[in-house]
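Each remark here refers to the structure printed beneath this line.
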Amino acid sequence: SIIMGVETSCDETGVGLVRLHDDGTVELLADEVASSVEEHARFGGVVPEVASRAHLEAMAPTVRRAFESAGLELSDVDAVAVTVGPGLAGALLVGVAAAKAYAAALDVPLYGVNHLAGHIAVDTLEHGPLPSPCLALLVSGGHTQLLRVDHIASKITEIGSTVDDAAGEAYDKVARLLGLPYPGGPPIDKAAKSGDAQAIAFPRGMTGPRDAKFDFSFSGLKTAVARWVEATESRGEQVPVADVAASFQEAVADVLTAKAVRAATESGIGTLVISGGVAANSRLSALARQRCAEAGIELRVPRPRLCTDNGAMIAALGAHVVAAGCAPSAMDLSANPALPVSTVSL
Ligand code: ATP
Ligand code: MG
Ligand code: FE
């Protein structure tokens, strides 16, 4: 059967199409994304009203492009999945309203699903079914969590999370300090390639013996970078952007991979999935590859295009929810901006 996925939780209007096969595997057919990121760039962050309006304008054309690229008709759709949260309320509402309209017009079931679970589910499009259990390190613009996934459609349990900033948020704030554009992940990743990751010893938050084992903290790291940059400027010296970027990136990758590998080892879980926008980071995946190999853990990281927000991840999760036999959502379905990751579908 064919599942259509609609994503509007932040600043990407995503429409994905997947095929759910009888053996439970899910195949990617289309993944179209329209981003309003450039409209937000000059504000240094997403402006909710601007995002909602952009979703309204982009929805119909993005749907059209998805069907064109898959060579399918709207009438081929067997179910519609849509992000109901977490995310920006006004942005989510645009996707939910659109998905309801498509489901009603096509007379097919509607499934409201969780954006964060979608970030994990997308990996099945690339690497096949997830083993049960597996561990997921979800690192995105708004979230940083370690999750035990017993079943992608029904059982996800948080075992650790950030106590302050998300990893992506730290990237965005540090990029701003260094005069790099928003969103900060890609330009820091690029600048770091010509820098020395050992140049500056930035702190590794929450790694002391008395810190909660699987929680994270990135606000101290961000402050340390700010102080270092200020001190350099106050001496009248030029800030070595590449070295700061590389050293910051190393600190983030070090903490994330150390805790994820430790969590997998201690809970006897053999597979780690890293997903969310920050999973697109080249150093994070390289260090994770090295440390997982040393620990005998299988590592799965979706390709960068699938790590950041898209509709294919919502279609993929919708397919797993359908395959699991979950009940469809009611037609009075509403968005939940604070939906916890444990609620996979509504
Ligand atoms: P959430 O999923 O928590 O609701 P979001 O959807 O806004 O938040 P994503 O689209 O999953 O977040 O990820 C966006 C974040 O990923 C941004 O903070 C961005 O800087 C970061 N990011 C993107 N590419 C990279 C990269 N190569 N290296 C590091 N960070 C990156
Ligand atoms: Mg985005
Ligand atoms: Fe996201």
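Looking only at residues of region 292-315 that are aliphatic (A, V, I, L, M) and within 14 Å of ligand 3 (Cβ to nearest atom), we find that the one that is surrounded by the fewest Cβ atoms within 10 Å (Cβ to Cβ) is L306.
Note on region 61-153: enclosed strands (runs of 3 or more DSSP E) holding 2 or more residues that are within 16 Å of ligand 1 (Cβ to nearest atom) and farther than 24 Å from D23 by Cα are 79-85, 134-139, 144-151.
Residue-wise test of (1) hydroxyl-bearing (S, T, Y); (2) touching a residue at least 60 places away in the same chain (Cβ under 8 Å); (3) surrounded by fewer than 23 Cβ atoms within 10 Å (Cβ to Cβ).
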{"residue": "C134", "(1), (2), (3)": "no, yes, yes"}
{"residue": "L137", "(1), (2), (3)": "no, yes, no"}
{"residue": "T144", "(1), (2), (3)": "yes, yes, no"}
{"residue": "L147", "(1), (2), (3)": "no, yes, no"}
{"residue": "A153", "(1), (2), (3)": "no, yes, yes"}
{"residue": "I159", "(1), (2), (3)": "no, yes, yes"}
{"residue": "V163", "(1), (2), (3)": "no, no, yes"}
{"residue": "Y171", "(1), (2), (3)": "yes, yes, no"}
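Matching residues to (1) of a type in the set (S, T, N, Q); (2) more than 25 Å from V321 (Cα to Cα):
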residue: T8; (1), (2): yes, no
residue: L20; (1), (2): no, no
residue: V26; (1), (2): no, no
residue: S35; (1), (2): yes, yes
residue: F43; (1), (2): no, yes
residue: E49; (1), (2): no, yes
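For A258, state whether it is away from ligand 3 (no atom under 16 Å from the Cβ), within 30 Å of A105 (Cβ to Cβ) and out of contact with any helix residue (DSSP H, G or I) (no Cβ under 6 Å at 6 or more places or on another chain). Answer is no for this residue.
Based on this model, can you work out whether E73 counts as touching a helix residue (DSSP H, G or I) at 6+ places or on another chain (Cβ under 8 Å), more than 16 Å from ligand 3 (Cβ to nearest atom) and without any contact (Cβ under 8 Å) to a residue 24 or more places away in the chain? So E73 passes the test. Scanning region 5-34 for residues that are more than 16 Å from ligand 1 (Cβ to nearest atom) and in contact with a helix residue (DSSP H, G or I) (Cβ under 6 Å, 6 or more places away or on another chain), we see that the one that is farthest from K100 (Cα to Cα) is G24. Under the condition of being in a helix (DSSP H, G or I), surrounded by fewer than 21 Cβ atoms within 10 Å (Cβ to Cβ) and either acidic (D, E) or more than 16 Å from ligand 1 (Cβ to nearest atom) (or both), the residues counted in region 262-291 number 6.
When residues in region 1-14 are screened for being within 16 Å of ligand 3 (Cβ to nearest atom) and modelled with pLDDT of 95 or more, 9 of them pass. Of all residues in region 15-37, those that are within 16 Å of ligand 3 (Cβ to nearest atom) and at pLDDT 95 or above have Cβ atoms under 8 Å from Cβ atoms of residues that are polar (S, T, N, Q) and not in a strand (DSSP E or B), 6 or more apart or on another chain, in V15/T62; G16/N310; D31/N310; V33/T62; V33/N310; A34/T62. On the basis of being of a type outside the set (S, T, N, Q) and away from ligand 2 (no atom under 16 Å from the Cβ), does V6 make the cut? In short, no. Of all residues in region 164-185, which are assigned to a loop (DSSP other than H, G, I, E, B) and more than 18 Å from the chain's Cα centre (by Cα)? Result: L178, G179, L180, P181.
L177 fulfils the conditions (1) more than 13 Å from ligand 1 (Cβ to nearest atom); (2) touching a Gly at 6+ places or on another chain (Cβ under 6 Å) except for a single criterion, (2). Check whether at least one residue in region 229-241 is surrounded by 19 or more Cβ atoms within 10 Å (Cβ to Cβ) and either within 16 Å of ligand 3 (Cβ to nearest atom) or of a type outside the set (A, V, I, L, M) (or both), and report yes or no. Checked region 229-241: no residue is surrounded by 19 or more Cβ atoms within 10 Å (Cβ to Cβ) and either within 16 Å of ligand 3 (Cβ to nearest atom) or of a type outside the set (A, V, I, L, M) (or both). Could you tell me whether region 45-55 includes any residue that is surrounded by fewer than 16 Cβ atoms within 10 Å (Cβ to Cβ) and basic (K, R)? For region 45-55, residues surrounded by fewer than 16 Cβ atoms within 10 Å (Cβ to Cβ) and basic (K, R): absent.
The values are calculated or read from the model by the stated rules, or taken from the named source; none is laboratory data. Since we're looking at a predicted model, the values are computed, not measured. Note that we place each Cβ from the backbone using ideal geometry, even for glycine, and neighbour counts take in every protein chain shown.
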